[in-house]
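Undergrad: A single structure is presented below for examination.
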Amino acid sequence: MERPKLLWFNFALTIAVVVFLMWGVLPAGLIFMLAVSIALPVNYTKMNVQMDRIKGDAPSALMMAAIILSAGSFLGILENSGMLNSLAEDIVVILPAFLVPYLHYIIGIFRAPLELVLNTDAYYFALLPVVDQIVTRYGIDSITAAYAIMIGNIIGTFISPFSPVHWLAVGLAGIEMGRYIKYAIFWVWGFSLLAMAAFVMGII
């Protein structure tokens, strides 16, 4: 897989990427895309070898790109089809009227326990847009709603059974996931409530 004969070409291409990044004439993402588009066919002329290199060196990046594209499509369909508005209207009808303007705080308060049933993608791509659509009708700006919901999620992630890192950690520790969650949930939820209180009081 090494290309010693192309060492100077790859070195020059790397320098060119750094120069363009410092110059700022093009967006960083476009610079890297152009550089990869040049480097791959020059170093590896066969398409199957190029795909092997991409899979071998950037599986996480490809997965993240796929998630972002899928999320964009999902949210676009939700919004442009009217489903997002319909969900928001139905939830407003079901919930008590006095709770609706504070829905983002309520979700934020219970976010840590919700980590046990909702993964991060479902939370941000499905629940957050609906809550935002509801509370913005009551004069709450989207940034405030997002912050209130994110605080509980960031801390609550540490008890999520949907995180592969946690399965690895409890495996290395020699304990069961249920035992870990039983121990950690009250600590994590407590920190989440403290962070939410600090946010409401304007401390953070």
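Undergrad: Inside segment 108-164, counting only helices (runs of 4 or more DSSP H) that do not spill past its ends, which hold 1 or more residues that are farther than 20 Å from Ile77 by Cβ and among the polar types (S, T, N, Q)?
TA: Here the list reads 142-156.
Undergrad: Pull out all pairs, ordered by first then second residue, where Cβ-Cβ is under 8 Å, the residues are six or more apart or on different chains, the first lies in segment 11-30 and is aromatic (Phe, Trp, Tyr), and the second is modelled with pLDDT under 95.
TA: Qualifying pairs under 8 Å: Phe20/Leu26; Phe20/Ile31.
Undergrad: Would a scan of segment 104-111 turn up a residue that is under 19 Å from the mean Cα position of the chain (by Cα) and at pLDDT below 75?
TA: Taking every residue of segment 104-111 in turn, none turns out to be under 19 Å from the mean Cα position of the chain (by Cα) and at pLDDT below 75.
Undergrad: While we're here: Is there any pair linking a residue in segment 168-179 that is closer than 18 Å to Thr157 by Cα and free of Cβ contacts under 8 Å to residues at least 40 places away in the same chain to one that is surrounded by 11 or more Cβ atoms within 10 Å (Cβ to Cβ) and among the β-branched types (Val, Ile, Thr), with Cβ under 7 Å and at least six apart or on different chains, and which?
TA: Glu176/Val170; Met177/Val170
Undergrad: Tell me the residue from Leu30, Leu21, Leu26, Leu34 that is of a type in the set (A, V, I, L, M, F, W, C), at pLDDT 75 or above, more than 29 Å from Arg137 (Cα to Cα) and touching a Phe, Trp or Tyr at 6+ places or on another chain (Cβ under 8 Å), please.
TA: Being of a type in the set (A, V, I, L, M, F, W, C), at pLDDT 75 or above, more than 29 Å from Arg137 (Cα to Cα) and touching a Phe, Trp or Tyr at 6+ places or on another chain (Cβ under 8 Å) holds for just one of Leu30, Leu21, Leu26, Leu34, which is Leu26.
Undergrad: A further question on this structure: Taking the criterion of being of a type in the set (Phe, Trp, Tyr), closer than 23 Å to Asp121 by Cα and surrounded by fewer than 18 Cβ atoms within 10 Å (Cβ to Cβ), would at least one residue in segment 148-161 satisfy it?
TA: no
The values are calculated or read from the model by the stated rules, or taken from the named source; none is laboratory data. These numbers come from a predicted model, not from an experiment. Cβ coordinates were reconstructed from backbone atoms using ideal geometry, including for glycine residues, and neighbour counts include every protein chain displayed.
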